[in-house]
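The values are calculated or read from the model by the stated rules, or taken from the named source; none is laboratory data. Small disclaimer: the values here were computed from a predicted structure and weren't measured. Cβ coordinates were reconstructed from backbone atoms using ideal geometry, including for glycine residues, and neighbour counts include every protein chain displayed. Areas reflect the complete protein model, heavy atoms only, side chains present, ligands, DNA and RNA absent. Shrake-Rupley method; radii C 1.70, N 1.55, O 1.52, S 1.80 Å.
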Amino acid sequence: MINTVGNSPSKSRFQSWILFCIAAIVMAALCLKGGFFGTIGEYPLRISFSFPFVMSFSLPAGKFILLFTITWMVFIAMLLLFPRNLPFSFAKSGLLILALSIICRIALFAHEPSDDINRYLWEGRMINEGINPYQYAPDDPLVSRFAKDDPFHDKINHPSYTAAYPPLILYLFSLITRLSYNPFAIKVFMVLFDMGTIFFLLLLLKQRRLDPRWSILYAFNPLILYSFAGQAHFDVISNFFLVGALYFHGGKRWGWMFLFAGLAVQSKYVAAVAVPFLINRNNLKYIFVMIAAIVIPYLPLIDGKWPMLFASVIKYGEELAFNGSIHGFLRIVLGGIDPATGICKILFAASLVFGYICFHPEFKSCYKDDPVPG
């Protein structure tokens with residue numbers, strides 16, 4: 001008699017692999033479609049109801065929202081179908097996730113990038129020309145000679161604002177524009193950092209003895225795919241350094257941890273919120289590495305005027321608002337941006353205090369030596 005019971009687990013796992021691969025192929029196809037779909041909102045989608053009363057409205061994202069919704073559904077299917085409790089091996093599950101990740105990102109390369117990319121290229125060029133982007137805005141008459149023949153200058157948003165990005169990002173844009181003054185070059189670099197983030201996530205999961213399938217939550221998340229491979233936002237650089245810092249924390253490699261933490265802050269100022277969770281009594285003597293990583297990139301651009309380095313960051317925070325659901329709701333209720341911004345500042349400060357008290361490893365023994373929950 002054939003023992004079918006003993007064969008059932010391997011058969012079930014094989015079926016899971018087949019279904020997962022099908023879902024992965026569908027995901028790649030959806031990304032390819034998203035790459036050539038056109039800009040978000042280009043094709044309108046109007047929805048009408050006739051019961052219980054007549055109502056009609058258009059979705060701002062247009063028909064793209066349908067593609068995005070289907071992509072989310074397939075993403076969830078990939079997470080659920082990935083075979084469970086596999087022994088961690090980069091030669092198998094890790095490399096598979098990395099390979100599928102790069103395929104999906106390459107498929108999205110043709111997607112229209114964010115208009116922020118025009119500023120990325122311009123400010124990188126200004127660094128190469130010896131112009132300080134913190135001192136001269138894109139519409140400053142003193143840089144008009146560079147603007148005349150520049151294919152991206154006229155499409156820069158908020159041209160009266162000087163640079164708001166940290167210096168490390170400007171240096172990176174400078175490097176990219178030296179290699180190629182083209183949005184495609186920006187996308188290539190953003191995808192490289194994105195793949196590096198997935199690599200560190202896989203290492204972090206292995207370090208914590210967790211199932212590698214959890215990396216799917218980042219690797220194939222539609223928001224991640226479209227934000228970085230599609231629109232080329234540079235937040236991914238901070239993701240890379242921050243996840244790397246968490247991995248080095250787990251290995252108690254304090255010098256590398258503080259270096260990556262400092263570079264995360266130099267990539268996106270909001271990463272500073274995470275830094276206190278990494279600091280403990282054992283590694284405090286290495287904190288100078290992070291301080292150096294944060295401070296040194298500023299030095300060539302100070303030009304005797306510290307405040308100008310943060311002038312546009314403050315202006316953006318005080319005068320503009322975009323994609324903030326709570327802030328948007330408060331603007332409607334309170335009738336203006338100033339009171340909404342004031343309340344959001346209070347809420348932000350309160351949430352930080354609450355988070356540090358409730359989740360910091362030094363305050364909660366259950367999180368001892370573990371900053372990840374915080």
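Per residue, how much accessible area does the chain have with a 1.4 Å probe, in Å²? Please list the in-between numbers first.
Working: 19850 Å² over 374 residues.
Heavy-atom SASA per residue in the chain reads 53 Å².
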Checklist entry - Based on Cβ point charges of +1 for Lys and Arg and -1 for Asp and Glu, what charge dipole magnitude is obtained for region 179-279 about its Cα centre, in debye rounded to the nearest 20? => result 320 debye
Item to check | Straight-distance crosslink candidates among lysines, where the alpha carbon sits under 16 Å from K206 and sequence neighbours closer than 8 are dropped | outcome: K92, K252
Checklist entry - Any idea what Rg and Dmax come out to for the chain if you just take the C-alpha atoms, in Å? => result 23.5, 88
Next on the checklist: For a quick check of your reading of the filter: which chymotrypsin sites (Phe, Trp or Tyr not before Pro) in region 311-374 sit in a DSSP loop and have no more than 16 other Cβ atoms within 10 Å?
Outcome noted: F322, F363
Checklist entry - With labels modelled as points extended 7 Å from the Cα through the Cβ direction, what inter-label distance (nm, one decimal) is found for E112 paired with K206? => result 4.1 nm
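Length gain on complete extension for the stretch I314 to Y171, per 0.36 nm per residue less the alpha carbon to alpha carbon distance?
Details: separation 143, 0.36 × 143 = 51.48 nm, distance 2.13 nm.
Between I314 and Y171, full extension yields 49.4 nm more.
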Item to check | Inter-probe distance in nm under a simple model that places probes 7 Å from Cα toward Cβ, at K33 and T69 | outcome: 1.3 nm
Checklist outcome for this item: In vacuo Debye sum over C-alpha of region 237-374, base-10 log of normalised intensity I(q)/I(0) at q = 0.13, 0.14, 0.15, 0.16 Å⁻¹, listed in q order, is -0.71, -0.80, -0.89, -0.97
Next on the checklist: For a quick check: with amide H placed at 1.01 Å from N, whose amide H comes under 5 Å from G38's, ignoring anything fewer than 5 positions away on the same chain?
Outcome noted: E112
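Please give me the summed charge of the neighbours of P83: other residues whose Cβ is under 14 Å from its Cβ, Lys and Arg +1, Asp and Glu -1.
Value of the local net charge: +4.
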Next on the checklist: Charges on Cβ only, +1 for Lys and Arg, -1 for Asp and Glu, centred on the Cα centroid of the chain; of I97, F14, G336, which one is farthest towards the dipole's positive end?
Outcome noted: F14
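About the Cα centre of the chain, how large is the charge dipole given +1 on each Lys and Arg Cβ and -1 on each Asp and Glu Cβ? Please answer in debye to the nearest 20.
Working: 30 positive and 21 negative charges, 306 e Å.
Here the size comes out at about 1460 debye.
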Checklist entry - Can you list the lysines whose alpha carbon sits under 17 Å from that of K63, skipping same-chain ones fewer than 8 residues off? => result K33
Next on the checklist: What distance in nm lies between label points placed 7 Å from Cα along the C-beta direction at F354 and S12?
Outcome noted: 4.1 nm
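So what's region 84-232 giving for Rg/Rh, alpha carbon basis, Kirkwood Rh from the mean inverse pair distance?
On the Cα set of region 84-232, Rg over Rh gives 1.10.
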Item to check | Amide H within-cut-off set for L45, under 5 Å, with H built and near neighbours excluded | outcome: L59, G62, K63
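Taking the Cα centre of region 293-374 as origin, sum charge times position over the Cβ atoms of Lys and Arg (+1) and Asp and Glu (-1), and report the length of that vector in debye to the nearest 20.
Numbers: 6 positive and 7 negative charges, 23 e Å.
For region 293-374, the charge dipole is close to 120 debye.
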Checklist entry - So what are the ³J(HN,Hα) numbers for region 111-127, from phi and the Karplus equation (6.51, -1.76, 1.60; θ = phi - 60°), rounded to whole Hz, Gly and Pro as x? => result 4, 4, x, 4, 5, 4, 5, 5, 5, 3, 5, 4, 5, x, 5, 4, 4
Next on the checklist: Taking 0.36 nm per residue of sequence separation and subtracting the Cα-Cα distance, how much length would be gained by fully extending the chain between D149 and Y269, in nm to one decimal?
Outcome noted: 39.9 nm
Checklist entry - Can you run phi through the Karplus equation (6.51, -1.76, 1.60; θ = phi - 60°) for region 66-81 and list ³J(HN,Hα) in whole Hz, with x for Gly and Pro? => result 5, 4, 5, 5, 5, 4, 4, 5, 5, 4, 5, 4, 4, 5, 6, 8
Next on the checklist: Name the residue from N128, I326, Y316 whose Cα lies farthest towards the positive end of the charge dipole of the chain, charges +1 on Cβ of Lys and Arg and -1 on Cβ of Asp and Glu.
Outcome noted: I326
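Can you figure out the FRET efficiency of C366 with L217, using R₀ = 22 Å and their beta-carbon distance, to the nearest 0.05? Kindly include the intermediate steps, with their values, before the conclusion.
Working: r = 23 Å, r/R0 = 1.06.
Computed FRET efficiency for C366 and L217 comes out at 0.40.
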Checklist entry - For the chain, what % of the accessible area comes from carbon and sulfur atoms, probe 1.4 Å? => result 68 percent
